[in-house]
Every structure is written in C-alpha cells, then in structure tokens.
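Only the coordinates and a few stated rules stand behind these numbers; no lab work does. Quick caveat: nothing in here was measured; it's all calculated off a predicted structure. Glycine gets a Cβ as well: all are built from the backbone with ideal geometry, and neighbour counts include every protein chain shown.
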Amino acid sequence: MSDGAQISSVEIELRMLMEAIFLRYSYDFRDYTGASQKRRVLHAMAEMGCATVSQLQSRVLHEPSAFSQLLQYLTIPVTEMFRDPTYYIGLREHVMPVLGTYPSLKIWVAGCSTGEEVYSLAILLKEEGLLERSIIYATDINPQSLEKARKGVFPLENMRTYTANYQAAGGRRAFSDYYTAAYNAALFDRSLCENVTFADHSLATDSVFAETQFISCRNVMIYFNKKLQERALGLFHESLCHRGFLGLGSKESIDFSSYGPKFEVLAKRDRLFRKR
Amino acid sequence: MRPDPSLDMALQGRQFEAVVIGASAGGVNALMQVLPALPRGYRLPIVVVLHVRSGRQNQLVDVFQQRVQLPVREAGDKEDVIPGTLYFAPAGYHLLLENERSFSLSCDAPLHFARPAIDITMESAADVYGAAWRASCSPAPMTTGRKAWPPSAGRAA
C-alpha cells in the first residue's frame, strides 16, 4: 500500500542526473545509497539556485563548472584526525607489529577526502618507526579534496579536538610537534607526506593499482549500496597481500558481503580485519 | 499524557508500517514510560533517534533491552528494517531509511549540532513510507518541512 512502492518524480530525476553525470563526466554515483544522495542533491539545488533536479541536470550537462560545484556537495568531506581513537589503538596493537616485519610497506587510504586520516596514519607510522619504509597511496574521487589533502593545512580551531583524539589514540608526543600554527591554520610537517602519493581513484569504476599490506577505508562504503560495497571489497581483497589488513569505519560491516568469510575479524569494535 | 482526540480521528482507518520517534536527552524518561508498555509481538518496527551525548548513545540498547519486551538493536548500515524491533540510531552517524526498507548511515555534517539528527531520519522515513508511518517528537516537535501528518502529532508521552 505504500507510496514508496511507486517511484516518485524526484527519484526518476535523481537517477537521470546520476546517469547524465556518468555519461558526461565518467563519475559513477549510480550505486550510491538513495537517501543520503537525495539529501546532498537537494542541498546542492538550494545552494546553486535550481528549482528542480532536472534543472540542475541541465546545468551540469552544459556547464562543466556546475559539475565541479555539484561534485563538492556529492562528496561532502566530513572527517577529523584520529577520529575514533580506539581504531588507532587497535592498529598499534594488532596491525603495526606485523607490518613491522615487512622490509617495505604499501598502504592504501581509500576515499581519503581532505587527508585528515592520511596524516593521522603517517603520524602513527612515524611513532612506530615505519614511516620511512612506507608508501601511502591516498586516493579520492574529488580533485579539490585531494588538493587540500596534499597541502596538509587544517583549521587551527580543530586542533583542540584532534589533540584530544591523538592523546586518546595513544599518541606518544605533544601533538603540536607535528604542525606549525600560523594565520588560524595548522600546517602539518611536510616530512609526514614525503612518501604519500595522492591520486584520483574511484572505487566505483577503477581497478586495483598495487599490492598492499594494509588498506584503511573508513566511512566511505556507508554511502554505497550493497552492489557497490561488494565491488569495493573485491578491490580491497585483490589488492591486499596474503594476510593483509583491512580497517573500516566503526559502524561498517562485511557481514553481508560474499567477501565476509574471506576475512577474519581482528578487533570487532574497531573494525579491523585480516585477509584469510 | 492523553492523546489528542483529533489525533485519534486522523489515525482512524489508516495502516502503519513504521514508528519513528525523535527526542532530546529528556526523551529517555518519556520513552521509558511508553516503550515497556508495548506487548511482545508488537508488529511495527520502531526507530528511535535520541539527541544524547555520544557516550550515552552507546548504552541505549542495553538500557532499553532490560525493560522492553521487543528485541532492541542499534540500527546497522544496510540492515533490513525488521518488524517488531526497536532500533536506536548509532552515535556519531545520521540514520536514514532506504526504499528497500533498510537502514543506511551517513557521516555528513551534524545538523543543528546533532548527529544523529532527528530531522534527517524523519525526512527519509517520510520519503520511504509516505503516509504509512507515525512521527513523534518529544518533548518539542521539530520543524522539518517534511510531509508529516498531522502537524499536531508532536507527542510521544
């Protein structure tokens, strides 16, 4: 009896918009979850002065700059350094000791957004004495986010939260050792990202580019439907070396996936898994 | 608190698929009065979004499971919405309902300083269930611009 069984005009428009974006710009949002995506598009419409999704679609098709603008709304970066501090404690306990046995390391931060997690991991690796032999691939689909990540400049006002997170994550130094404060911004130590490669990569359309020992992909797959989650987990499984590690967001699960049985659970609460 | 009679009239002859309840920290006590009264075998899913500090959010499932006769769970990403189950939104995430009658989570920015935000869950529930849902806000109704009915239905207890 529900209205939901019938497809609404807005949903038709949303599907057509995502199809148009895919055909015109090769960005594939077609398998993102509907409800969040709808919110983001409605927000973009309001900000971009479009009365309907169709109007937005028309602008996106005819003005590449409108697409760049929409992309910022579709991939809203919301992240913080050392978010969920226990995740990093879990990494220190379960993952770093094993990573330390490899002569060289390749680590993939998938969906790195504006880079907060990349710098957090780099700090962790540095404190574990592993940063110099690590290559970190930090990938995202949003070029503006990647540019911000490359710069490593974050608002100074966030440092209080990040410092508390860092300490809760088992940080061993003064957090301020890692950045220089100036003009309301915190510029992170360039040596942290000497071995970081920031690159454009889509979990929806691209393939595996390296064999890695550890992949961290947190709060990215919650925006994917099950089909796209399956694709992403397939990429991770393929990229990880034998007995490689996978870290997910604190409410993410691999239980529904056919890849679920191919990983063992290392730390359930911290969503740390290891390839069988 | 006695239900508004106009609410009874509005409800008459309608079929419901889900109950969505939003409340601020004070709502915990109100829910403690309402939810334990539900009988075992109650057939609707109940989705609760509480604006409480995130430390307390993690305890809601345990606290309510001791008092409520229905299974109580934290709503998980991409999980089906199971009838007769009481769900709480997890700490630090927005909770949305999807057309497939499943949950999804989002880390989008807090709304009015809240994550989970009541409005976001309510709006997505309105999209999915249309008229076939009940919305309750306690103690104060939220303004969401959703297609909720009836506008006066802002009472949980």
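Peptides A:265-275, A:135-145 ordered by packing proxy, namely the average of other Cβ atoms within 10 Å per residue, highest first: A:135-145, A:265-275. If you wrap the Cα atoms of segment B:5-138 in a convex hull and average its projected area over all directions, you get 8.0 nm². Per-residue shielding of A:251-257, expressed as the average number of other chain Cβ atoms within 10 Å of the residue Cβ, stands at 4. Spatial offset of segment B:88-106 relative to segment A:9-51 amounts to 19 Å, using the alpha carbon center of each. The spacing between segment A:219-274 and segment A:121-153, judged by their C-alpha centroids, is 21 Å.
Debye sum, Cα scatterers, segment A:85-275, no solvent: what log₁₀ I/I(0) at q = 0.09, 0.14 1/Å? One equal scatterer on each Cα of segment A:85-275 leads to -0.30, -0.76. Each label was represented as a point 7 Å from its Cα along the Cα-to-Cβ direction; for residue A:54 and residue B:15 these points are 3.2 nm apart. About the centre of its Cα atoms, segment A:31-141 shows a dipole size close to 260 debye [charges on the beta carbon of Lys, Arg (+1) and Asp, Glu (-1) only; nearest 20 debye]. Dipole magnitude for segment A:176-227: computed about the Cα centre from +1 point charges on Lys and Arg Cβ and -1 point charges on Asp and Glu Cβ, it is near 360 debye. The distance from the alpha carbon centre of segment A:92-108 to that of segment B:1-76 is 45 Å, rounded to a whole number.
Order the peptides B:107-120, B:9-22 from the highest to the lowest mean number of other Cβ atoms within 10 Å of their residues.
B:107-120, B:9-22
Charging the Cβ of each Asp and Glu at -1 and of each Lys and Arg at +1, and nothing else, the dipole of segment A:85-275 about its Cα centre rounds to 360 debye. Peptide B:121-127 is shielded by partner chain Cβ atoms: per residue, an average of 3 of them sit within 10 Å of its Cβ.
Among A:36, B:106, A:250, A:9, the order by Cβ neighbours within 10 angstrom, fewest to most, reads A:9, A:250, A:36, B:106. Partner shielding of B:19-27 amounts to 0, given as the average count of beta-carbon atoms from other chains within 10 Å of each residue beta-carbon. Dividing the helix sum by the residues of chain A, where each DSSP H run of 4 or more adds -39500 (n - 2.57), gives a mean residue ellipticity at 222 nm of -12000 deg cm²/dmol.
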